[in-house]
């Protein structure tokens with residue numbers, strides 16, 4: 001089964017209601033609600049990153065079920081699976097700032113996903129703050 005990360009529908013004050021968006025997108029988990037200033041949406045980047053990291057973990061769990069181990073990299077999720085012959089994900093999306101997500105192993109050998117924020121560098125505050133599986137408690 002090929003899975004793709006769900007589309008994220010951005011709501012603005014000029015867009016459809018939350019209920020209409022949920023009907024279009026299938027459920028509220030795929031809808032990121034944002035405000036609008038002068039008709040331009042303000043995206044909650046942290047919410048998008050959190051959702052994508054959680055989806056990576058779901059894909060990694062599925063990979064482990066099929067391959068008896070966790071993937072060595074995020075790219076492994078886009079390779080043909082030994083059981084199904086298809087990739088788990090069609091592609092690995094970039095973070096909201098157009099940077100790549102990073103998968104690393106911690107000291108216990110457990111993998112975790114990191115988004116380095118708007119600046120794409122380790123550390124930082126505000127929009128530059130890192131968000132990872134660890135900071136999300138995954």
*asked:* Looking at the structure I just gave you, is residue 83 touching a residue at least 12 places away in the same chain (Cβ under 8 Å), over 24 Å from residue 47 (Cβ atoms) and in a loop (DSSP other than H, G, I, E, B)?
replied: yes
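With respect to residue 66, determine if the residue is under 12 Å from the mean Cα position of the chain (by Cα), within 21 Å of residue 92 (Cβ to Cβ) and modelled with pLDDT under 90. Explain how you work it out, then say what you get.
Values: under 12 Å from the mean Cα position of the chain (by Cα): no; within 21 Å of residue 92 (Cβ to Cβ): yes; modelled with pLDDT under 90: yes.
Considered against the rule, which asks whether it is under 12 Å from the mean Cα position of the chain (by Cα), within 21 Å of residue 92 (Cβ to Cβ) and modelled with pLDDT under 90, residue 66 comes out as no.
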*Options 79, 58, 50, 98: the member that is modelled with pLDDT of 90 or more, surrounded by fewer than 16 Cβ atoms within 10 Å (Cβ to Cβ) and in contact with a strand residue (DSSP E or B) (Cβ under 9 Å, 6 or more places away or on another chain)*: 58
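The values are calculated or read from the model by the stated rules, or taken from the named source; none is laboratory data. This structure is a prediction, so every number in the text was calculated from the model and none was measured. All Cβ positions, glycine included, derive from the backbone under ideal geometry; neighbour counts span all protein chains shown.
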